[in-house]
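Chemist: The structure's right below; bear with me while I get my questions together.
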Amino acid sequence: MNQDQEKYDTLVKELTVHVREQHPPDILQFCADFFFAKLTEQRSFQDECLLHPTEAAWPAHEPKHLPQLSPLSSDDDDGQSQCSLGKHPKEDDEDEDAFEEEDQDVFTGQLPDFSGQYHQQRQRRTSVSAESLTPCSPTKFQKIIHPKTPEQEARIQAAIAHNFLFRHLDEMQYQDVIHAMTEKPVASGETVIQQGDVGDFFYIVESGQLSCTIDDRWVTDYQASGSFGELALMYNSPRAATIVAKTDCMLWALDRVMFRRILMEHTSAKRRMYESFLTNVPILASLAAYERYKIADALESVTFEEGETVIEQGSVGNNFYLIESGEAVCYRLDDQGAQTQVNELAKGGYFGELALLNNSPRAATVVARGRLRCATMNKGAFNRLLGCLHDILQRNSTHYIQIMASTPMA
Ligand SMILES: Nc1ncnc2c1ncn2[C@@H]1O[C@@H]2COP(=O)(O)O[C@H]2[C@H]1O
């Protein structure tokens, strides 16, 4: 008997014992969970031992598809997003600043329910082990180097330069990431990630376009500087979506060990940090959880002391602000030089959207009242990630326009 056959027989025997002991009500789900737990265990072990095939630029075989294991495939979910961020691929793409900033992703769809060890029968969601977010021990970390030409290195640098997930890296981590990446050309029509599969790589798009679907419904498109495939690596969960190349693409792939070692901790910490705050920001209420995750990736916190000016009327607008704590007061200077208070904002409120929406100079001065902490994103991320809120933001801003009409700009 060969080794694989022996392994298989042992596994099936073990599973049979569990089934006999536990009489699971949903036998298929139970078996799927059993094998998935085994796989996770094996992968974690590989993480620990760092049995990484350093010589292999690309895995010899693709991961096996695990049907029914999508954390997103709940029966009650019609998969329609509450809010379609950005444009549907069929619509005209007049985005001039395609390369302007970070992730070029626009999102809709639902976030996997990562809670609970074993999911409800009806929902068929996959369990996530408690240690899913524990990165590899730094002491056991062994660097992975796939040799590259200077030209390849430069291309990776360009591809990650505008992606938020790489911003916090120090020089050594940055080099480690570049060394560990492998080039993956993908032909138009090729499936890069299949929903339900086991996660192996995280991808950055260098060129081309890819489409992301969940349960055959379009969710988003990816283009240069966009990234995907982080969820399965972070949560040891099956792939949450399918990603197919719409054109010939050039991708850079980072394997799960390096992703977990270098990118995961910061990414998950940031997503956790902003999670409850973003859930309670009224303007973001219509967004799906995964969309809020992408917003969290793009946010930076900034603090202003009492009386400090956050925004100066008449200046160029580059940022959008959400108030995490404290208060902000908005003033408008009229053409006589008189300053009138036009608004007060508190936690969960936002400002700085007008100049970005209308491509106009800042319409008011915003000053901190007491200590003010804001989460801010730049113009590129604002347009991309909050594009679907454009109409709501415009509608909400009509009263500003009335105020501006009554106080002509200084
Ligand atoms: N709405 C969404 N829900 C989950 N994953 C999404 C969504 N939109 C895009 N994705 C990406 O699709 C990827 C599929 O593989 P992963 O689950 O590893 O990581 C997923 C995310 O990077």
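Chemist: What is the number of the single condition among (1) surrounded by fewer than 22 Cβ atoms within 10 Å (Cβ to Cβ); (2) away from the ligand (no atom under 14 Å from the Cβ) that Arg292 does not meet?
Modeler: Arg292 satisfies every listed condition except (2).
Chemist: I've got another one for you. What number of residues within the stretch 256-286 satisfy the criterion of being surrounded by fewer than 16 Cβ atoms within 10 Å (Cβ to Cβ), in contact (Cβ under 8 Å) with a residue 60 or more places away in the chain and assigned to a loop (DSSP other than H, G, I, E, B)?
Modeler: Adding up the residues that qualify gives 2.
Chemist: Please go through the stretch 214-238 and pick out each residue that is among the polar types (S, T, N, Q) and more than 9 Å from the ligand (Cβ to nearest atom).
Modeler: Gln223, Ser225, Asn236
Chemist: Any residue that is of a type in the set (Val, Ile, Thr), near the ligand (Cβ under 7 Å from one of its atoms) and open to solvent by 20 Å² or more (accessible area, probe 1.4 Å) - is there at least one of those in the stretch 191-211?
Modeler: Checked against the condition, which is being of a type in the set (Val, Ile, Thr), near the ligand (Cβ under 7 Å from one of its atoms) and open to solvent by 20 Å² or more (accessible area, probe 1.4 Å), the stretch 191-211 yields no hits at all.
Chemist: Kindly establish whether Gly370 is closer than 25 Å to Ile295 by Cβ, touching a strand residue (DSSP E or B) at 6+ places or on another chain (Cβ under 7 Å) and open to solvent by 20 Å² or more (accessible area, probe 1.4 Å).
Modeler: Criteria not met by Gly370.
Chemist: Evaluate the following for Glu131: is it at pLDDT 95 or above, of a type in the set (Asp, Glu), open to solvent by 70 Å² or more (accessible area, probe 1.4 Å) and part of a helix (DSSP H, G or I)?
Modeler: So Glu131 does not fit the description; no.
Chemist: Just name the residue that is least open to solvent (accessible area, probe 1.4 Å) out of those in the stretch 152-182 that are over 26 Å from Arg384 (Cβ atoms) and charged (D, E, K, R).
Modeler: Asp176
Chemist: When the stretch 239-255 is examined, which residues are found to be within 16 Å of the ligand (Cβ to nearest atom), touching a residue at least 60 places away in the same chain (Cβ under 8 Å) and in a strand (DSSP E or B)?
Modeler: Of everything in the stretch 239-255, those that are within 16 Å of the ligand (Cβ to nearest atom), touching a residue at least 60 places away in the same chain (Cβ under 8 Å) and in a strand (DSSP E or B) turn out to be Cys249, Leu251, Trp252, Ala253, Leu254, Asp255.
Chemist: Based on this model, can you work out whether Gly348 counts as at pLDDT 90 or above and at positive phi?
Modeler: yes
Chemist: May I pose another question? Looking at (1) open to solvent by 50 Å² or more (accessible area, probe 1.4 Å); (2) touching a Cys at 6+ places or on another chain (Cβ under 8 Å); (3) charged (D, E, K, R), which one does Arg217 not meet, given that it meets all the others?
Modeler: (2)
Chemist: What number goes with the only condition from (1) under 22 Å from Ala381 (Cα atoms); (2) open to solvent by less than 20 Å² (accessible area, probe 1.4 Å); (3) among the small types (Gly, Ala, Ser) that Ala253 does not pass?
Modeler: Just one mismatch for Ala253, condition (1).
The values are calculated or read from the model by the stated rules, or taken from the named source; none is laboratory data. Predicted model only: the values in this text are computed from it and were never measured. So basically every Cβ, Gly included, is an ideal-geometry build from the backbone, and we count neighbours across all protein chains shown. Accessible surface is based on the protein model in full, side chains and every heavy atom, while ligands, DNA and RNA are left aside. Shrake-Rupley method; radii C 1.70, N 1.55, O 1.52, S 1.80 Å.
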